[in-house]
Amino acid sequence: MTHDKHTLIAAAREAASGAYAPYSNFHVGAALGFADGSVITGANVENASYGLTLCAETVAVGKALSEVWRGNLEAVAVIGGKAGALGAGAPVTPCGRCRQMLNEVAALGGTDPVVWCAGADEVLELRLSDLLPRAFGPDALE
Ligand code: THU
């Protein structure tokens, strides 16, 4: 494992400072750690048309894939909270859509990344396959 839990969570925390979340005031940061040591981050981006909101993990996946990051995804860190209280509550776990988005990157590199979800009292350590069992991925279209 190339990535350290605390370092990747710190990257997610830093990314959350870029959140555009004027409607929910809930800021989220995500960091994707690849096997070569690279880290791609994202923050949530809301919209006046609320339903168009992009989650932090989805933004990170979009950045990674559009920067031609198809390498081995080893680890994901997520942290969130009300503005000024990032990580102060329960751990934020990726929403359903984000699990599917993360699965695409993981499938390209054939990995099952660890997902660290940071909260005030604990860091949940999960596997993407636990969050999204029997996932639909690129192989289904072969
Ligand atoms: N959000 C994320 O960015 N990631 C998640 O996994 C859960 C929710 C964002 C979307 C919205 O901007 C805010 O958190 C409140 O739902």
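The values are calculated or read from the model by the stated rules, or taken from the named source; none is laboratory data. Being a predicted model, the structure only gives us computed values, none of them experimental. So basically every Cβ, Gly included, is an ideal-geometry build from the backbone, and we count neighbours across all protein chains shown. Quick note on the areas: whole protein, heavy atoms, side chains included, nothing else; ligands and nucleic acids left out. Shrake-Rupley method; radii C 1.70, N 1.55, O 1.52, S 1.80 Å.
Counting only protein heavy atoms, what percent of the accessible surface of the chain is carbon or sulfur at a 1.4 Å probe?
Heavy-atom surface of the chain belonging to carbon and sulfur, 1.4 Å probe: 53 percent.
May I ask for the percentage of alpha-carbon pairs in the chain that lie more than 19 Å from each other? Display every interim value, and only then the final one.
Working: 4544 of 10011 pairs.
The answer is 45 percent, as a whole percent.
For the chain, what does -39500 (n - 2.57) per DSSP helix run (n ≥ 4), summed and divided by total residues, give at 222 nm, in deg cm²/dmol to the nearest 500? Could you put the intermediate results ahead of the total?
Details: 4 runs with 41 residues, N = 142.
My calculation for the chain gives -8500 deg cm²/dmol from helical runs alone.
Under the rule of at least 5 residues apart or a separate chain, name every residue whose amide H is placed under 5 Å from the amide H of GLU74.
Correct list: GLY33, PHE34, ALA35.
Would you work out the charge dipole size for the range 5-132 about its Cα centre, treating the Cβ of every Lys and Arg as +1 and the Cβ of every Asp and Glu as -1, and quote it to the nearest 20 debye?
Dipole of the range 5-132, to the nearest 20 debye: 220 debye.
Calculate the length of the line joining the C-alpha centroid of the range 122-137 to that of the range 28-49, in whole Å.
Result: 17 Å between the Cα centres.
Given 0.36 nm per residue, what is the gain on full extension from ASN47 to ARG70 after removing their alpha carbon distance, in nm?
5.4 nm
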